[in-house]
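S.K.: One structure follows; several queries about it will come next.
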Amino acid sequence: MQKLERLLKSCIKDRADASTRRTVIGFKQRSQYIKAVKELSSAGIHPIKSIQESKAICCHLNAKQKNRLKALNNHPHIQYVEEDFKIKAHSLPAASRSHRKRHAKKQTEVWFSPQRITWNIRRVKAPRVWPLTLGKTVGIGIIDTGIAKHPDLHIAG
């Protein structure tokens, strides 16, 4: 089995180009994560982002090196290798935002018909607080409606 740090150095590029794709690499143990980050840094390779809590790094992987990518995915110290992509949370349509601003003082005002609000937004009763705050002083707000068993998820605890 090829040493993990050597394998990472051979697959990861410091900058994006036509042959790379943004990839998240998750490590099984914190010690392997720390060692890999240090080794990459000493080689002048800096991940796009490093997520200590998840023991993961995001980097530009050379997608043309299929054998090395397969070896990386099958390495005993690697939990997962997956594409990094952007997602968007629910947002309000522009027309609704201007309507909300005009009626912000009316706390009982309902801006959307129930058909336009997704089930999870209704479940956490978000429309009730929209007249009170738009979250101006909040950096990030996450309201979790729970989790259920799913074949694509590993649920711990």
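S.K.: Is it the case, given these coordinates, that LYS55 is more than 30 Å from ALA156 (Cα to Cα) and surrounded by 15 or more Cβ atoms within 10 Å (Cβ to Cβ)?
M.R.: no
S.K.: Still on this structure: Across segment 38-52, which residue is most open to solvent (accessible area, probe 1.4 Å) among those that are assigned to a helix (DSSP H, G or I) and closer than 16 Å to GLU5 by Cβ?
M.R.: LYS38
S.K.: Further, regarding this structure: Let me spell it out: the conditions are (1) closer than 27 Å to ALA156 by Cα; (2) in a loop (DSSP other than H, G, I, E, B), and LYS35 meets all of them except one. Which number is the exception?
M.R.: (2)
S.K.: Just to verify a result, which residue in segment 1-31, among those that are in a helix (DSSP H, G or I) and of a type in the set (Gly, Ala, Ser), is most open to solvent (accessible area, probe 1.4 Å)?
M.R.: Within segment 1-31, the first condition is being in a helix (DSSP H, G or I), and the residues that meet it are 4-11, 30-31.
Those still in the list that are of a type in the set (Gly, Ala, Ser) too: 10, 31.
Details: SER10: 33, SER31: 72 Å².
Among those residues, the one meeting the criterion is SER31.
S.K.: I've got another one for you. State whether the residues of segment 72-84 include one that is charged (D, E, K, R), at negative phi, open to solvent by 100 Å² or more (accessible area, probe 1.4 Å) and not in a strand (DSSP E or B).
M.R.: No.
The values are calculated or read from the model by the stated rules, or taken from the named source; none is laboratory data. Keep in mind it's a predicted model, so treat the numbers as computed, not measured. We place every Cβ from the backbone using ideal geometry, glycine too, and count neighbours over all the protein chains shown. We work out accessible area using only protein heavy atoms, side chains counted, and drop any ligands, DNA or RNA first. Shrake-Rupley method; radii C 1.70, N 1.55, O 1.52, S 1.80 Å.
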